[in-house]
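The values are calculated or read from the model by the stated rules, or taken from the named source; none is laboratory data. Only a predicted model underlies this, so the values are computations on that prediction, with no experimental measurement involved. Because the Cβ atoms are built from the backbone with ideal geometry, glycine has one as well, and the counts that use them run over all protein chains shown.
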Amino acid sequence: MIEQIRADAQETPVSISVRDDDGHLLSDFVKELEQAVRALDNARVYELAAGLHEADMGDVLETLKSDDRLGLIQLLGDAFDFTALTETDEQVRTEVLEALPTSDVAEGIGELDSDDAVYLLEDLEEDDQERILSKLSSVDRVQIQRSLDYPEESAGRLIQTEFVAVPAFWTVGQLIDHLRSSSGLPEKFYEIYVVDPGFHLLGAVSLDRVLTTKRSKKLSKIMEEMRFSVQATQDQEEVARLFERYNLVSVAVTDEDERLVGIVTIDDIVDVIQEEAEEDMLALAGVGDEEISDSVFEIARSRIGWLVINVGTALFAATVISLFEETISRMVALAVLMPVVASMGGNSGTQTMTVTVRAIATQELNRRNFFRVLRREFLVALLNGSGLGLLIGIIAGLWFQGLDIGLVIGFAVLVNSLCAGLFGLLIPLGLHRAGADPALASSVFVTMVTDVVGFFSFLFLAAWWFGLPY
């Protein structure tokens, strides 16, 4: 009975609805699956989960508790596709790989494409990697180990070693016969790579070109010389920009001697683009590589560093305020309005900083257009600062029944807006030139500058205008 259910589940996709209209997992489905796992109901588990797409299975694994997660995988046995682990966050993935028997992990990884296998292994400790690799076939072990030897976040970590490479002197007919008779072809491929006897990359032929060309034509006559190829040590962000710029589906990867070592495909690049975007977004908030499944202690530890730095910058701003202690004591309205000036500058600076960090990441901002962008940001800050200064000045004047206080705060808002626009651009650029990550460090320094300038300009102008001591 169980064997028949397993066979049916593997041959036909599951027909059970697992997501609602918004794309979220159905709570009833998850609850029913949990009950089947806890009851060790093998047949029901297979019926519910054996045919799930790896992306759906990845979400299920993240949703289940640790014990239920491991129980589900064990009940599925051979029907569990380890590709699903590439769809989970790092903590869940590592927990599963460390909990399962090494032989089971090796068997599951051995069935994956090389790029997915590397993705699963790269976050494990070296001892765990070696233990799993020792259980693989010699061919798989060498391919995966070679990818793991490349730097993190490089093209070498993304390469798929399953590709089709043939000599240039072959004809189209020989290639087609080879493709039809060979049993070791990749499941999906889009191009045929042409190499010399030393496996140096010469060019590529697309499958549509092969199918529309006469059998007698030599590949050397129809191949396209490789306009786009990347080094295995090249940063994955640069590879992603290449895909984005030229609308590529796959790209060849070569070693330092221009020998073909693998390919990178668009599915991996989509993941890279998403990861890099998430990384920049988290960095702008001073948050590290944080996952939704991380523990309280891990999250607190990843956030505390920049919060401590914020303490220092906040104390610096407080020191500026303390210089005008007597001024504030003479005019209470200043204490009420100070946060308004700092807040407006902070928001303006964050807007400019975010756009600048993104432009740096996509290489849209360079020496040729720097002054044009600087002029644009200055004019935007001047326009917005004038409008906001006028608005806040009118509100403050009516609130405290005095034109003078409105003029002071309006001018202070304008000054701080100009400063925010200027430093929101210059600080990320300066950090980038210094080799620091502008996404990670910019927000702290931009906020510090706008707070200090905002407080100082407002209090100094007030002291000078009203003739107060400071």
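Worth a mention:
- Segment 292-401 holds helices (runs of 4 or more DSSP H) entirely within its bounds, and those carrying 2 or more residues that are of a type in the set (Gly, Ala, Ser), surrounded by fewer than 18 Cβ atoms within 10 Å (Cβ to Cβ) and over 25 Å from the mean Cα position of the chain (by Cα) map to 296-322, 332-361, 370-400.
- Residue satisfying all of: in segment 145-190; among the basic types (Lys, Arg) and farther than 23 Å from residue 131 by Cα; surrounded by the most Cβ atoms within 10 Å (Cβ to Cβ) among these: 188
- Condition met for residue 130 (more than 23 Å from residue 298 (Cα to Cα) and surrounded by fewer than 19 Cβ atoms within 10 Å (Cβ to Cβ)): yes
- The number of residues in segment 88-110 that are among the acidic types (Asp, Glu), at pLDDT 90 or above and either touching a Phe, Trp or Tyr at 6+ places or on another chain (Cβ under 7 Å) or under 25 Å from residue 265 (Cα atoms) (or both) comes to 1.
- Complete set of residues in segment 43-77 that are over 27 Å from residue 267 (Cα atoms) and among the hydroxyl-bearing types (Ser, Thr, Tyr): 46, 66
- When we screen 414, 440 for residues that are surrounded by 15 or more Cβ atoms within 10 Å (Cβ to Cβ) and over 30 Å from residue 465 (Cβ atoms), the only hit is 440.
- Residues that are free of Cβ contacts under 8 Å to residues at least 24 places away in the same chain and part of a helix (DSSP H, G or I) within segment 171-190 comprise 174, 177, 178, 179, 180, 181, listed in sequence order.
- Single match in 88, 63, 83 (criterion: in contact (Cβ under 8 Å) with a residue 24 or more places away in the chain and in contact with a strand residue (DSSP E or B) (Cβ under 8 Å, 6 or more places away or on another chain)): 63
- Wholly enclosed helices (runs of 4 or more DSSP H) of segment 191-280 bearing at least 3 residues loosely packed, with under 15 Cβ neighbours inside 10 Å and of a type outside the set (S, T, N, Q): 207-211, 236-246
- Qualifying residue in segment 421-443 (condition: more than 30 Å from residue 362 (Cα to Cα) and at pLDDT 90 or above): no
- Lone unmet requirement of (1) in contact (Cβ under 8 Å) with a residue 24 or more places away in the chain; (2) surrounded by 13 or more Cβ atoms within 10 Å (Cβ to Cβ); (3) over 30 Å from residue 277 (Cα atoms) for residue 406: (1)
- Qualifying position, being under 30 Å from residue 216 (Cα atoms) and among the polar types (S, T, N, Q), among 171, 88: 171
- Per the listing 445, 456, 423, the residue uniquely more than 18 Å from residue 351 (Cβ to Cβ), in the same structural domain as residue 329 (by TED's automatic domain parsing) and surrounded by 17 or more Cβ atoms within 10 Å (Cβ to Cβ) is 456.
- Residue match in segment 112-121 (condition: of a type in the set (Val, Ile, Thr), in a helix (DSSP H, G or I) and either assigned by TED's automatic domain parsing to the domain that holds residue 196 or at pLDDT 90 or above (or both)): yes
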